[in-house]
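Visitor: Structure incoming, see below.
The values are calculated or read from the model by the stated rules, or taken from the named source; none is laboratory data. For clarity, every value in this text was computed on a predicted model and none was experimentally measured. Note that each Cβ is placed from the backbone with ideal geometry, even for glycine, and that neighbours are counted across all protein chains shown. Accessible surface is based on the protein model in full, side chains and every heavy atom, while ligands, DNA and RNA are left aside. Shrake-Rupley method; radii C 1.70, N 1.55, O 1.52, S 1.80 Å.
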Amino acid sequence: MIDVKNLSKSFGDNLVLDNISEHIAPGEKVVIIGPSGSGKSTFLRCLNLLETPTAGEISFDGTLITDPKTDINAIRQQMGMVFQHFNLFPNMTIRKNITLAPVRTGLMKQEEADETAIRLLKRVGLEEKADAYPAQLSGGQKQRIAIVRALAMKPKVMLFDEPTSALDPEMVGEVLDVMKQLAEEGMTMVVVTHEMGFAREVGSRVLFMDGGHIVEQNEPKAFFDHPQNPRTQLFLSKVL
Amino acid sequence: MAWQALYEQLSALPVADLTGTQSFLLKFCKAFLVGDRWKLYLQGLGYTLELTVIALVIGIVLGVVVAVIRTSHDQQRPGHRNPALGVLNFVCKVYTTVIRGTPMMVQLLIWGFVIFKTCRNHTMVGALGLGINSGAYVAEIVRGGLMSVDIGQTEAGRSLGLNYLDTMRFIVIPQAFKNILPSLGNEFITLLKDTSLVSAIGGTEMVYFAQAVGGKTYEYMFPLLGIAVMYLILVMILSWLQGKMERRLRQSDRR
């Protein structure tokens with residue numbers, strides 16, 4: 001579904017991603033872990049071109065998205081993204097946050113988008129918040145709304161950029177539950193996270209990144225129980 | 001009317017014999033009441049408001065266009081630079097530098113006596129000059145506002161598949177507008193007061209009529225105090241409106 005070939009990204013002289021190639025298949029739940037500065041968020045942000053790669057190619061469903069002629073807006077409509085800091089639009093109600101993109105991109109009529117919004121809000125238990133503003137919600141609620149907002153575009157893949165890192169510890173669970181539910185429904189997911197429990201339980205594959213490389217990858221049980229690379233072993237010994 | 005009898009009585013007396021109060025009343029009558037002169041001030045008020053609104057519209061349109069050009073130029077993805085945008089950006093930079101780097105009065109005199117020296121409608125020339133001047137300041141205010149909105153907001157909009165213009169229109173500009181309302185309000189208040197400079201190129205507005213009355217009666221105190229009070233009231237009304245609008249826009253901040 002997503003094909004990454006020889007992807008490199010540097011900010012000035014700082015090489016953040018060094019010649020990465022990777023394939024993400026439909027239905028996979030890829031979890032990316034690693035120390036800060038390892039390039040995992042940059043890798044994720046390259047997938048929908050929020051960061052422009054310095055070199056390399058990325059294709060999505062057979063379309064070369066790194067080609068400047070590709071309509072990136074059309075591609076992004078099929079790739080949902082959830083941010084660490086939620087990035088809900090504070091000037092709009094929750095309902096408007098969710099329905100703005102589907103309506104403006106012509107995916108749905110307003111009534112259909114409203115119905116979708118309510119249906120998705122019910123799923124995450126927040127339908128009574130439809131007319132509230134983001135400032136009135138807790139962090140966990142905001143992040144669940146952010147997930148709903150991305151889902152309203154009916155994406156084929158969901159990208160999560162440290163979705164629980166900015167949350168109070170007691171709110172992490174409610175967000176992870178929504179993500180687990182999404183995984184069970186078969187959504188293709190790429191998740192950058194520090195939640196090792198989530199990686200082990202939900203991931204179908206774990207990538208460990210360090211210094212702009214994918215150092216090691218494996219299915220979760222083998223990855224956590226028998227890490228091969230010394231760098232992976234050191235990292236896991238500190239976080240587990 | 002009562003004041004007419006008083007006025008005729010007072011003007012019949014020799015000036016040297018008038019007491020302080022009498023002279024005060026006489027001057028007041030001359031400045032505002034004789035020949036229905038108060039109507040002139042109201043006429044001037046009308047011109048001033050018209051001038052302000054025209055300059056305001058020119059200023060906002062120019063300011064927003066310049067701000068959007070400059071911000072979108074700065075936010076281009078590396079490697080996807082648009083050469084046309086580069087040229088526009090350069091023009092905008094020259095515009096703001098020249099306008100903000102020269103005095104308002106000098107600009108007005110250039111508009112009135114050099115560029116449009118054959119034009120009869122001095123008030124409209126003044127409105128154009130004021131609007132072009134205001135646009136440069138509004139552009140910098142709006143640009144600051146656009147940059148004050150967290151980049152995460154743009155990223156969230158774009159990641160949903162919205163295009164650049166929709167992201168600006170629905171997400172960034174409304175939030176920027178809330179942030180810049182205080183400075184924008186100040187700019188408009190300054191603009192309203194700066195319309196008084198248009199009298200220097202022969203434009204008709206409040207100062208023009210106050211000077212006309214003063215010239216006719218050889219008495220400037222009341223005409224000038226009169227228009228000073230009128231400006232003050234206008235500014236107070238504007239400040240009040242501004243506060244009301246700020247409170248309304250803060251609606252989404254309630255918890």
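Visitor: Against the definition (among the acidic types (Asp, Glu) and within 30 Å of A:LYS154 (Cα to Cα)), how does B:ASP166 come out, yes or no?
Guide: Details: among the acidic types (Asp, Glu): yes; within 30 Å of A:LYS154 (Cα to Cα): yes.
When the stated conditions are applied, B:ASP166 passes them.
Visitor: Pull out all pairs, ordered by first then second residue, where Cβ-Cβ is under 7 Å, the residues are six or more apart or on different chains, the first lies in the stretch A:29-41 and is under 15 Å from A:GLU51 (Cα atoms), and the second is hydroxyl-bearing (Ser, Thr, Tyr).
Guide: Qualifying pairs under 7 Å: none.
Visitor: Inspect all residues belonging to the stretch B:114-123 and state whether any of them is under 22 Å from B:PHE209 (Cα atoms), under 14 Å from the mean Cα position of the chain (by Cα) and either part of a helix (DSSP H, G or I) or within 14 Å of another protein chain (Cβ to nearest Cβ) (or both).
Guide: Taking every residue of the stretch B:114-123 in turn, at least one turns out to be under 22 Å from B:PHE209 (Cα atoms), under 14 Å from the mean Cα position of the chain (by Cα) and either part of a helix (DSSP H, G or I) or within 14 Å of another protein chain (Cβ to nearest Cβ) (or both).
Visitor: Something else: Would you please list the contacts, defined by Cβ atoms under 8 Å and residues six or more apart or on different chains, that run from a residue in the stretch A:46-66 that is within 11 Å of chain B (Cβ to nearest Cβ) to a residue that is at pLDDT below 90?
Guide: Short answer, once both residue conditions are applied: A:THR52/B:ARG77; A:THR52/B:PRO78; A:THR52/B:GLY79; A:THR52/B:HIS80.
Visitor: Right, something else. Looking at (1) of a type outside the set (Ser, Thr, Tyr); (2) in contact (Cβ under 8 Å) with a residue 24 or more places away in the chain; (3) open to solvent by 20 Å² or more (accessible area, probe 1.4 Å), which is the one condition that is false for A:GLY197?
Guide: (2)
Visitor: Is it fair to say B:ILE151 is under 20 Å from B:VAL68 (Cα atoms), out of contact with any helix residue (DSSP H, G or I) (no Cβ under 9 Å at 6 or more places or on another chain) and within 14 Å of chain A (Cβ to nearest Cβ)?
Guide: Details: under 20 Å from B:VAL68 (Cα atoms): yes; out of contact with any helix residue (DSSP H, G or I) (no Cβ under 9 Å at 6 or more places or on another chain): yes; within 14 Å of chain A (Cβ to nearest Cβ): yes.
Answer is yes for this residue.
Visitor: So A:PRO90 ticks every box in (1) in contact (Cβ under 8 Å) with a residue 40 or more places away in the chain; (2) part of a helix (DSSP H, G or I); (3) open to solvent by 10 Å² or more (accessible area, probe 1.4 Å) but one. Which box is left unticked?
Guide: Failed condition: (2).
Visitor: Give me the pairs: first residue in the stretch B:158-175 and at the interface with chain A (Cβ under 7 Å from one of its Cβ atoms) and of a type in the set (Ser, Thr, Tyr), second residue open to solvent by less than 60 Å² (accessible area, probe 1.4 Å) and in a helix (DSSP H, G or I), beta-carbon distance under 9 Å, and six or more apart or on different chains, which are they?
Guide: Qualifying pairs under 9 Å: B:SER159/A:ARG76; B:SER159/A:ALA150.
Visitor: Let me ask you something else. Go through the stretch A:212-228 and count every residue that is over 22 Å from A:MET189 (Cβ atoms) and open to solvent by less than 50 Å² (accessible area, probe 1.4 Å).
Guide: Number of matching residues: 2.
Visitor: Do we have any residue at all in the stretch A:23-35 that's farther than 30 Å from A:ASP131 by Cβ, part of a loop (DSSP other than H, G, I, E, B) and open to solvent by less than 10 Å² (accessible area, probe 1.4 Å)? Give the derivation first.
Guide: Keep residues of the stretch A:23-35 that are farther than 30 Å from A:ASP131 by Cβ, which gives A:23-35.
Within this subset, residues satisfying the condition of being part of a loop (DSSP other than H, G, I, E, B) are A:25-28, A:34-35.
If we keep only those that are open to solvent by less than 10 Å² (accessible area, probe 1.4 Å) too, we end up with A:34.
Yes, the stretch A:23-35 contains at least one residue that is farther than 30 Å from A:ASP131 by Cβ, part of a loop (DSSP other than H, G, I, E, B) and open to solvent by less than 10 Å² (accessible area, probe 1.4 Å).
Visitor: Residues in the stretch B:200-212: is at least one within 13 Å of chain A (Cβ to nearest Cβ) and either without any contact (Cβ under 8 Å) to a residue 40 or more places away in the chain or part of a loop (DSSP other than H, G, I, E, B) (or both)?
Guide: If we filter the stretch B:200-212 for residues that are within 13 Å of chain A (Cβ to nearest Cβ), which is where we start, we get none.
So far as the stretch B:200-212 goes, no, none of its residues is within 13 Å of chain A (Cβ to nearest Cβ) and either without any contact (Cβ under 8 Å) to a residue 40 or more places away in the chain or part of a loop (DSSP other than H, G, I, E, B) (or both).
Visitor: Sticking with this structure for a sec: Give the stretch A:36-45 a look and list any residue that's open to solvent by less than 10 Å² (accessible area, probe 1.4 Å) and within 14 Å of another protein chain (Cβ to nearest Cβ), or say none.
Guide: Passing the criteria: only A:LEU44.
Visitor: While we're on this one: Taking the stretch B:235-250 on its own, how many of its residues are open to solvent by less than 100 Å² (accessible area, probe 1.4 Å) and either within 14 Å of B:ASN186 (Cβ to Cβ) or within 14 Å of chain A (Cβ to nearest Cβ) (or both)? Explain how you work it out, then say what you get.
Guide: So in the stretch B:235-250, the residues open to solvent by less than 100 Å² (accessible area, probe 1.4 Å) come out as B:235, B:237-239, B:241-243, B:245-246, B:249.
Those still in the list that are either within 14 Å of B:ASN186 (Cβ to Cβ) or within 14 Å of chain A (Cβ to nearest Cβ) (or both) too: B:235, B:238-239, B:241-243, B:245-246, B:249.
Going through the stretch B:235-250 one residue at a time, the tally reaches 9.
Visitor: Inspect all residues belonging to the stretch A:155-165 and state whether any of them is in contact with a strand residue (DSSP E or B) (Cβ under 9 Å, 6 or more places away or on another chain), open to solvent by 10 Å² or more (accessible area, probe 1.4 Å), touching a residue at least 24 places away in the same chain (Cβ under 8 Å) and in a helix (DSSP H, G or I).
Guide: Scanning the stretch A:155-165, I find no residue that is in contact with a strand residue (DSSP E or B) (Cβ under 9 Å, 6 or more places away or on another chain), open to solvent by 10 Å² or more (accessible area, probe 1.4 Å), touching a residue at least 24 places away in the same chain (Cβ under 8 Å) and in a helix (DSSP H, G or I), so the answer is no.
Visitor: For the stretch A:1-22, name all the residues that are of a type in the set (D, E, K, R), part of a strand (DSSP E or B) and out of contact with any Leu (no Cβ under 7 Å at 6 or more places or on another chain). Can you show your working first?
Guide: The initial filter retains those residues of the stretch A:1-22 that are of a type in the set (D, E, K, R), namely A:3, A:5, A:9, A:13, A:18, A:22.
Now narrow it down to the ones that are part of a strand (DSSP E or B): A:3, A:5, A:9, A:18, A:22.
Answer for the stretch A:1-22, where residues must be of a type in the set (D, E, K, R), part of a strand (DSSP E or B) and out of contact with any Leu (no Cβ under 7 Å at 6 or more places or on another chain): A:ASP3, A:LYS5, A:ASP18, A:GLU22.
Visitor: I'm told B:VAL68 meets every condition in (1) of a type in the set (A, V, I, L, M, F, W, C); (2) part of a helix (DSSP H, G or I); (3) modelled with pLDDT under 95; (4) under 26 Å from B:GLY202 (Cα atoms) except one. Can you identify the failing condition by its number?
Guide: (4)
Visitor: Being open to solvent by less than 10 Å² (accessible area, probe 1.4 Å) and more than 13 Å from every other protein chain (Cβ to nearest Cβ) narrows it down to one residue among B:LEU130, B:LEU85; which is it?
Guide: Details: B:LEU85 fails: open to solvent by less than 10 Å² (accessible area, probe 1.4 Å).
Of the residues listed, the single one that is open to solvent by less than 10 Å² (accessible area, probe 1.4 Å) and more than 13 Å from every other protein chain (Cβ to nearest Cβ) is B:LEU130.
Visitor: Are any residues in the stretch B:148-199 among the small types (Gly, Ala, Ser) and either surrounded by 18 or more Cβ atoms within 10 Å (Cβ to Cβ) or not in a helix (DSSP H, G or I) (or both), and if so, which ones? Outline the logic, then answer.
Guide: Quick first cut of the stretch B:148-199, residues among the small types (Gly, Ala, Ser) only: B:148, B:152, B:156-157, B:159, B:161, B:176, B:183, B:185, B:196, B:199.
Residues satisfying the conditions are B:ALA156, B:GLY157, B:SER159, B:GLY161, B:ALA176, B:SER196, B:SER199.
Visitor: Across the stretch A:67-81, which residue is farthest from B:ASN163 (Cα to Cα) among those that are without any contact (Cβ under 8 Å) to a residue 24 or more places away in the chain and facing chain B (nearest Cβ under 8 Å)?
Guide: A:PRO68
Visitor: What residue, of B:VAL65, B:VAL53, B:VAL61, B:VAL57, is farther than 15 Å from B:GLU219 by Cβ, within 28 Å of the chain's Cα centre (by Cα) and surrounded by 15 or more Cβ atoms within 10 Å (Cβ to Cβ)?
Guide: Values: B:VAL53 fails: surrounded by 15 or more Cβ atoms within 10 Å (Cβ to Cβ); B:VAL61 fails: surrounded by 15 or more Cβ atoms within 10 Å (Cβ to Cβ); B:VAL57 fails: surrounded by 15 or more Cβ atoms within 10 Å (Cβ to Cβ).
Sole residue among the options that is farther than 15 Å from B:GLU219 by Cβ, within 28 Å of the chain's Cα centre (by Cα) and surrounded by 15 or more Cβ atoms within 10 Å (Cβ to Cβ): B:VAL65.
Visitor: Separate question: Residues A:LYS122, A:LYS96: which one is open to solvent by 30 Å² or more (accessible area, probe 1.4 Å), more than 11 Å from every other protein chain (Cβ to nearest Cβ) and over 24 Å from A:VAL192 (Cβ atoms)?
Guide: Result of the check over A:LYS122, A:LYS96: A:LYS122.
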